[in-house]
Amino acid sequence: MVGPKATGKNVLANNLCYAFGRPQWDISFHVNTDSSTLIGTDTFIDNQVRFRPGAMYECATYGGFGVLDEINMAKNDAIAVLHSILDHRKAIDVPGYTRLDLHEASRFIGTMNYGYAGTKELNEALVSRFMVVEVKQMSSDEITMLLSKEFPGANSEILKQFAGIFSDLQIKAQNAEISTKCVDLRGIIAALKTIRRGLNPHLAIKMGITNKSFDAYEKQIVQDTINTRIPDSWKSHHVFGVSHE
């Protein structure tokens, strides 16, 4: 699953696991994720050296769904494991132990954002083992619906303004006016949570969105965009209908 930030790739993967009623293993790829992380490694238990299975091993054993988060950050060592388990062999070679055949119910879902720092191009051999689903970015109406479900007691018209902030910043990022640092739906949700607890909306959105950028010029563009949507006079009770003053 490929798409920009805040398109619900991992949420969709989680829901697929739930819909099929299969156990789920989340595997986040980063600089320390290697073959031993995926397959497993030796460990010392009860004065004996024993094999401690990794997430990929257990997923292959029990027929689970493995969600490979940020797969385009995987090291070559980890990718080599994926090659053998995702092709016609459908097996994992565990050095010094055995060869594990993949359970027929096992499935693997990779998610990635393209162009993040630390990411790289996926090699052709890995991509050929997947069907690629492009997840489109959400519209302002869809974001409003999501926020309404997350905050059922909030003013619907004001939630549209918060959704509009996200859409406006997305457009600016697409036009290379700003980076994607401040295009952060989690930040907007976090800001609304703090507003619900009584924080001033302007301060909350500054903490949740504007301050994600550390460049003064970019920060000013983001804040100006927010100011067109969120009046400085708004208080918490304007958003949630309960005065905390």
Checklist entry - Do the conditions hold for residue 96, that is, is it assigned by TED's automatic domain parsing to the domain that holds residue 24 and surrounded by 13 or more Cβ atoms within 10 Å (Cβ to Cβ)? => result no
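Helices (runs of 4 or more DSSP H) wholly in region 118-175 with at least 3 residues that are farther than 29 Å from residue 195 by Cβ - which ones?
Values: elements: 124-127, 140-150, 156-174.
In region 118-175, 124-127 are the helices (runs of 4 or more DSSP H) which contain 3 or more residues that are farther than 29 Å from residue 195 by Cβ.
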Item to check | Selected residue [outside the structural domain of residue 80 (by TED's automatic domain parsing), among the aromatic types (Phe, Trp, Tyr) and surrounded by 16 or more Cβ atoms within 10 Å (Cβ to Cβ)] from 108, 151 | outcome: 151
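Sort out for me the strands (runs of 3 or more DSSP E) sitting completely within region 28-101 that have 3 or more residues that are over 24 Å from residue 4 (Cα atoms). Write out each step before concluding.
Details: elements: 40-45, 48-53, 65-69, 91-93, 99-101.
Counting at least 3 such residues, we get 40-45, 48-53, 91-93, 99-101.
For (1) among the hydrophobic types (A, V, I, L, M, F, W, C); (2) over 20 Å from the mean Cα position of the chain (by Cα), each residue gets a yes or a no:
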site	(1), (2)
188	yes, no
191	yes, no
205	yes, yes
212	no, no
218	no, yes
229	no, yes
238	no, yes
Next on the checklist: Going by what's in this entry, would residue 36 be described as over 30 Å from residue 136 (Cβ atoms) and either assigned by TED's automatic domain parsing to the domain that holds residue 165 or free of Cβ contacts under 8 Å to residues at least 12 places away in the same chain (or both)?
Outcome noted: no
Next on the checklist: With the requirement that a residue be assigned to a loop (DSSP other than H, G, I, E, B) and either over 16 Å from residue 185 (Cβ atoms) or outside the structural domain of residue 176 (by TED's automatic domain parsing) (or both), what does region 214-229 give you?
Outcome noted: 214, 215, 228
Next on the checklist: What's the number of the only condition in (1) outside the structural domain of residue 236 (by TED's automatic domain parsing); (2) of a type in the set (Gly, Ala, Ser); (3) within 20 Å of the chain's Cα centre (by Cα) that residue 91 fails to meet?
Outcome noted: (3)
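The values are calculated or read from the model by the stated rules, or taken from the named source; none is laboratory data. Nothing here was measured: the structure is a model prediction, and the numbers come from that model. FYI the Cβ positions are ideal-geometry reconstructions off the backbone, even for glycines, and counts take in every protein chain you see.
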